[in-house]
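The values are calculated or read from the model by the stated rules, or taken from the named source; none is laboratory data. As the structure is a prediction and not an experimental result, all values here were calculated from the model. As a convention, Cβ positions derive from the backbone with ideal geometry for all residues, glycine included, and neighbour counts pool all protein chains shown. We work out accessible area using only protein heavy atoms, side chains counted, and drop any ligands, DNA or RNA first. Shrake-Rupley method; radii C 1.70, N 1.55, O 1.52, S 1.80 Å.
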Amino acid sequence: LSSEILAAIDAAETLEALDNVRIEALGKKGRVSLMMRDLGGMEPEARKQAGQDLNVLKDTIAHAIETRQTILADAALAEKLSAQRVDVSLPSRPHSDASLHPLSRTIEEVVAIFAEMGFTVAEGPDIESDYYNFTALNIPEEHPARQEHDTFYLPPDADGKRKVLRTHTSPVQVRTMETSEPPIRIIVPGRTYRSDHDATHSPMFHQCEGLVIGDGIHMGHLKGCLIDFCRAFFGVDDLPVRFRPSYFPFTEPSAEVDIGCTRDGGGLKIGAGDDWLEILGSGMVNPRVLENCGYDPDKYQGFAFGMGIERIAMLKYGIPDLRTFYDSDLRWMRHYGFLP
Ligand code: PHE
């Protein structure tokens, strides 16, 4: 019997088969167990000897099973490991890293620079009333600026009032002054809309507004703040910045801000040079606008500015056509270094 069972153990090729052999021999109704039970009916002398023999047999079988078990388990593990082996020489699967859209990235850059100067971000609605977009900003009905803005009008509501898609982020100046007290230092990134479409204009584009209101704010603050911004944004420490007199109904005096550049043929280089590039509009907040918002112009003064995000992104990254921002072309992203 012993050699028969030991042979069966050696022949078991799997852990499962081995377990069946174990049950057949040592299980409750196994052959060895049954023989143990038979001991009860034997003479004491014979029982002693048979009991010893059976115990030896049992131990031998148990030991053989254990040994075989280790061998089979090792083999199973080795097989599993070799089946799951990683071939480190295989070429990697193509994958692409995500990255921010260049416009989001530019907005984040602008916000980061102003955040360091103590500005916080404010926002307003894209669909604006005529009052906030124009009237409160000292752009009355029939003012030529209303035509220049190429406004998108929404259908009139029940009382004949037409909402507009905001043509600039300046209405958020008014909304902020109406709901908060000076000192105010806000930056307003957001979408703006004008009916215009070519290589440098899109019906939807982005602006970033800035507004500072306080006691004794003057043109020197405006200049210092915007010079610092231009140099930080374009990463040129000695970038020439020029303030050129201009006109906006909501600022007085008004200035357009130019930065130095060099143009050779088709190329454009930002920095000290013999040419200028306009990058933003600015000015001291018109006292009429302060009054419209309930402020006493003798008590508070301020400055405001507005810039086109697409425009400054095009200049910073050398992108010639504004429309390509909205093409969602990953090859374009890669070409300009926005994707690895
Ligand atoms: N809102 C102006 C524009 O869209 C820019 C501007 C903002 C000018 C604030 C002066 C002050 O052109």
Can you give the extra length, in nm with one decimal, that the chain gains between Arg162 and Lys29 once fully stretched, where that is 0.36 nm per residue apart less the Cα-Cα distance?
38.5 nm
Which trypsin sites (Lys or Arg not before Pro) from the range 155-192 combine a DSSP loop assignment with at most 15 other Cβ atoms within 10 Å?
Lys161, Arg162
Which three lengths, in whole Å and largest first, does the range 1-143 cover when its Cα atoms are put on their principal axes?
127, 41, 30
Of Tyr317, Val241, Ile186, whose Cα points farthest to the positive end of the dipole of the chain (charges on the beta-carbon: +1 Lys, Arg; -1 Asp, Glu; origin at the Cα centre)?
Tyr317
Rounded, prolate or oblate: which fits the range 118-224, taking a ≥ b ≥ c as square roots of the Cα gyration tensor eigenvalues, rounded meaning a/c under 1.5, else prolate when a/b beats b/c?
prolate
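With Kirkwood's inverse mean 1/r over C-alpha pairs for Rh, give me the Rg to Rh ratio of the chain, two decimals please.
With Rg and the Kirkwood Rh in hand, the quotient comes to 1.55.
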Given H placed on each backbone N at 1.01 Å, which residues far from Ala255 in sequence or on other chains put an amide H within less than 5 Å of it?
Ser246, Ser282, Gly283
For the range 243-315, which trypsin sites (Lys or Arg not before Pro) pass both filters: DSSP loop (anything but H, G, I, E, B) and at most 14 other C-beta atoms within 10 Å?
Lys299
Please find the FRET efficiency linking Tyr336 to Arg93, where r is the Cβ-Cβ separation and R0 is fixed at 30 Å, and quote it to the nearest 0.05.
0.70
Checking the range 77-152 for trypsin sites (Lys or Arg not before Pro) in a loop per DSSP with at most 14 other beta-carbon atoms within 10 Å yields Arg85
Here the percent of antiparallel bridges among DSSP beta bridges lying wholly in the chain, to the nearest 5, is 95
Between the modelled labels at Arg288 and Asp10 (7 Å from Cα along Cα→Cβ) the distance in nm is 11.0
Partner lysines for Lys29 [C-alpha distance under 29 Å; skip if fewer than 8 residues away on the same chain]:
Lys48, Lys58
The chain, accessible surface, carbon-and-sulfur percent (1.4 angstrom probe)
53
Label-to-label distance, nm, for residues given as Asp215 and Glu66 (7 Å Cα→Cβ offset):
9.1
Any idea what the relative contact order of the chain is, in percent, if you count C-alpha pairs under 8 Å spaced at least 6 apart?
14
Using a probe radius of 1.4 Å on heavy atoms only, what accessible surface per residue do you get for the chain? Whole Å² is fine.
57
Taking the alpha-carbon centre of each part, the distance from the range 38-69 to the range 15-33 in Å is 14
So, counting K/R as plus one and D/E as minus one, what does the shell of residues with Cβ under 11 Å around Arg231 add up to?
-3
Quick one: which residues, 5 or more positions from Gly27 or on another chain, have an amide H under 5 Å from its amide H? H modelled 1.01 Å from N in the peptide plane, none for Pro or chain starts.
none
In debye to the nearest 20, the charge dipole size for the range 165-299, taken about the Cα centre with +1 at each Lys and Arg Cβ and -1 at each Asp and Glu Cβ, equals 260
Inter-part gap, Cα centre of the range 315-340 to Cα centre of the range 260-277, in whole angstrom, is 21
For Ala112 and Ala83, calculate 0.36 nm times their separation in residues minus their Cα-Cα distance, and state this gained length in nm to one decimal.
5.3 nm
Between Ser129 and His197, what is the label-point separation in nm under the 7 Å Cα-to-beta-carbon projection?
3.2
Amide H neighbours of Gly318 at under 5 Å, excluding residues fewer than 5 places away on the same chain, with H built from the backbone geometry, are none
Rounded to the nearest Å, the spacing of the alpha-carbon centers of the range 293-311 and the range 98-157 is 13
